Amino acid sequence: MPKDTGRNTDMEQGESNGGKRNLLLWAWRLLWRPHPRWPLAVLLIVGFGGGIGFWGSYNWAMELSNTETFCTSCHEMRDTPFKELKETIHYSNRSGVRAICSDCHVPKEWYYKAIRKVQATNELFHKILGTVDTPEKFEAARLEMAKRVWTSMKNTDSRECRNCHNVLFMNPEAQVRPARRRHAEALEKGETCIDCHKGIAHKLPKGWKDS
């Protein structure tokens, strides 16, 4: 007796569709079942919304703390480093492109930026202690602070300098001869920006050559 293959196929498809519907119905009931007080769907929605709110607030705080206004809100920075920066080409130049504090002292990549922000809490600690709250204290600690920044920039291959500058993208023909020669030498020797450009945005501390 011939088999009714068409009927069997319809039954199999019906069972398959019914299984999918049952699975969807089970998932829907699971989402809205109290667990133990609130439906799972409510917990997921609240958790997702809370996560977005936290992430947005976190990034807002990160960007706020990168502004020039924030960086110069304490007099230690406003009255000394920022005043020195305003006298350099990084602050005012023919192109109108200006670097602010975070351009040179905060990485752009999120991972390194987060690490830098954690490290910056040490600066808040010294703000409370008043470590450099007078011009005299600042000058006494200038060499130590500068060496710390120079070492950091050396270890990261002047990463923050490369936010705006890259030797590989420079046009040597547009540079004066000494700069052209030194940049070529730096590439050959594997040197980095801070090896030659100390004091380009802030006053060099006394005794920096000896150190």
Check: the chain dipole with +1 on Lys, Arg Cβ and -1 on Asp, Glu Cβ, in debye: 40 debye
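Would you mind checking K108/K189; K83/K113; K147/K206; K154/K189 for any pair whose Cα atoms are more than 19 angstrom apart?
Going by Cα-Cα distance, K108/K189; K83/K113 fall outside the 19 Å limit.
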Could you calculate the contour length gain from R21 to Y111, that is, 0.36 nm times the residue separation minus the distance between their Cα atoms, to one decimal place in nm? 28.0 nm
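How far, in nm, would the chain grow between I200 and E144 when pulled straight, counting 0.36 nm per residue and subtracting the alpha carbon separation?
Contour length minus Cα-Cα distance gives 18.4 nm.
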So which helices of the chain fit the span-like rule, where a helix is a whole DSSP H run, its Cα atoms reach 24 Å or more along the axis, and its mean Kyte-Doolittle is at least 1.0? 40-64
Determine, for H105, H165, the number of other Cβ atoms within 10 Å of each Cβ, and report the residues in order from fewest to most. H165, H105
When the convex hull of the Cα atoms of the chain is projected onto a plane and the area is averaged over all directions, what value comes out in nm²? 25.6 nm²
Place a +1 charge on the Cβ of each Lys and Arg in segment 77-201 and a -1 charge on the Cβ of each Asp and Glu, then give the dipole magnitude about the Cα centre in debye, rounded to the nearest 20. 200 debye
Just order 94-104, 190-200 by mean Cβ neighbour count inside 10 Å, highest at the front, would you? 190-200, 94-104
Inter-label distance for N122 and N155, nm, one decimal - labels placed 7 Å from Cα along Cα-to-Cβ: 0.8 nm
The chain - mean residue ellipticity at 222 nm from DSSP helices (-39,500 (n - 2.57) per run, n ≥ 4, rounded to 500): -19000 deg cm²/dmol
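Since every read-out is calculated from the coordinates, none of them should be taken as a lab result. Keep in mind it's a predicted model, so treat the numbers as computed, not measured. Neighbour counts run over all protein chains shown; Cβ positions are idealised from the backbone, glycine included.
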